[in-house]
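The values are calculated or read from the model by the stated rules, or taken from the named source; none is laboratory data. Keep in mind it's a predicted model, so treat the numbers as computed, not measured. Here the Cβ is made from the backbone with ideal geometry for all residues, glycine too, and neighbour counts use every protein chain on show.
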Amino acid sequence: MSSIRRRLLGGLVAVLIVALAIAAGGVYFQARAELDELFDYQLRQLALSLRDRPFGEIAAGPSADAQEDFDFVIQVWSTEGVRLYYSHPSAALPQRAQLGYVTIVTGQGDWRVFSAQQGGVTVQVAQPMRVRQELAARAALRTLAPFLLLLPLLGMLVWIIVGRGLRPLEAVAGAVKARTAAALHPLPEQGLPEEVRPLVTALNDLLGRLGRALEIQRQFVADAAHELRTPLTALRLQIQLAERTRSAEERVSAFASVKQGLERVTHAVEQLLTLARQEPEAAERPFEPVELVDLARLVIAERAPLAEEKAIDLGMSRSETVAVQGDREGLRVMLANLVDNAVRHTPHGGRVDVSAYGDGGAAVIEVVDNGPGIPPQDRERVFDRFFRREETGDSGSGLGLAIVKKVVERHRARITLGAGADGRGLTVRIVFPERAPPA
């Protein structure tokens, strides 16, 4: 499991170690450069101090078998090239001297050499490079030793600082854990670090939307329970009446009433489920290009049997190729409810026309019927849940136009109600502000 604390601690400790390693390298090379200058100066001074010393014959240095360490090796030649002095015969240095400073490579390692010629002799002073490297490493270690000793203390301080820095997150986590479905009040934002405040603001926004969604759900459940109680009670009474019938005619009439009541309950449940899927807090399906003419023809085919039962002329009066960016299933449900309402309210032998066309940059879909229509004073209220006009004797659920409104709002469209053809019936017009390229 990923942990911010572990990642911060690991990152900071790794940065400390890398910084210490870089500092060690920098100190080492700095010490090496300063020691190179110092030892070069010593080589030169030592060589110059031996120029005036008389060398009459070969002076033997230490035994070749001696294994003791040495820092400097000295050789002296005459002008004829005769070696007059060799301090360490075991050192494998060249037999000729190159005046000035030079670094040479031998089987015993690298050497730094300075040679000077004056007074008839050539003096060569050499020093192993390993001596300089060892001294530079020791100097760097002495410089960094306090930091190495402080590294555990620095790690502990980092642990404490990271822990204190994460306390606001722990406080927010505790506050969120304390919230319940009955207590979704916002989290306090005072005294929070700048890095944590956007998270708390987003959580408060989420809590607010969740609270509204739960309130909508509670209201929806209450309304649904109230709405279903009446038809279910009526259905139970109709069943009791059917049980008490004595003649075949009474039984047929009673069961017809039961069937009608059952259809009403079934329709109400279907509409409730459809409305629940269209709630704004429900999972949204992705938008895609939807061809409105094809959608209208599909819905007309689905509602054709219902229209045939009432001898209603259901079809398309105007069809143009026009598409919108939207939820295909949601748009189908919207148009199906509009056509279903129109067919149910239009009298026997009436007419219902569906149109889909473009209007400038907008896309329009219309459903027109020659039924009783809706008075202007009720055209806003019909979008409320469970609203039914008493004078229509409507046995519907009062949810059809509420579902339509949810889909329209989700697609940022505009819906208007007006009079039908020749001033009779109802025209429902939905305008989508932007077209989409056909799928």
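Odds and ends about this structure:
- Here the strands (runs of 3 or more DSSP E) wholly within the stretch 70-176 that include at least 1 residues being buried (at least 16 other Cβ atoms within 10 Å of the Cβ) and out of contact with any helix residue (DSSP H, G or I) (no Cβ under 6 Å at 6 or more places or on another chain) are 73-78, 83-86, 109-118, 121-128.
- Count of residues meeting criterion [modelled with pLDDT of 80 or more, of a type outside the set (Gly, Ala, Ser) and surrounded by fewer than 13 Cβ atoms within 10 Å (Cβ to Cβ)] in the stretch 189-205: 2
- Scanning the stretch 352-375 for residues that are modelled with pLDDT of 90 or more and buried (at least 19 other Cβ atoms within 10 Å of the Cβ) yields Val352, Asp353, Val354, Ser355, Ala356, Ala363, Val364, Ile365, Glu366, Val367, Val368, Asp369.
- Meets criteria (in contact with a His (Cβ under 6 Å, 6 or more places away or on another chain), of a type in the set (Gly, Ala, Ser) and at pLDDT below 80) for Gly56: no
- Among (1) over 30 Å from Phe39 (Cβ atoms); (2) surrounded by 10 or more Cβ atoms within 10 Å (Cβ to Cβ) - the single one Ala183 does not satisfy: (2)
- Scanning the stretch 413-438 for residues that are over 17 Å from Pro376 (Cα atoms), in contact with a Lys or Arg (Cβ under 9 Å, 6 or more places away or on another chain) and not aromatic (Phe, Trp, Tyr) yields Arg414, Ile430, Val431, Pro433, Glu434.
- Qualifying residue in the stretch 169-191 (condition: touching a residue at least 60 places away in the same chain (Cβ under 8 Å) and farther than 30 Å from Ser49 by Cα): yes
- Qualifying residues in the stretch 334-355 (those that are in contact with an Asp or Glu (Cβ under 7 Å, 6 or more places away or on another chain) and of a type in the set (Gly, Ala, Ser)) - the one nearest to Ile312 (Cα to Cα): Gly350
- Residue that is surrounded by the most Cβ atoms within 10 Å (Cβ to Cβ), among those in the stretch 217-244 that are modelled with pLDDT under 70 and over 18 Å from Gln260 (Cα atoms): Ala224
- Taken as a whole, the structure places Glu302 among residues that are in the same structural domain as Gly358 (by TED's automatic domain parsing), surrounded by fewer than 18 Cβ atoms within 10 Å (Cβ to Cβ), assigned to a helix (DSSP H, G or I) and at pLDDT 75 or above.
- Restricting the stretch 376-416 to residues that are modelled with pLDDT under 75 and of a type in the set (Ser, Thr, Tyr), the residue that is farthest from Asp327 (Cα to Cα): Thr392
- Count of the stretch 311-364 residues which are assigned to a loop (DSSP other than H, G, I, E, B) and of a type in the set (S, T, N, Q): 2
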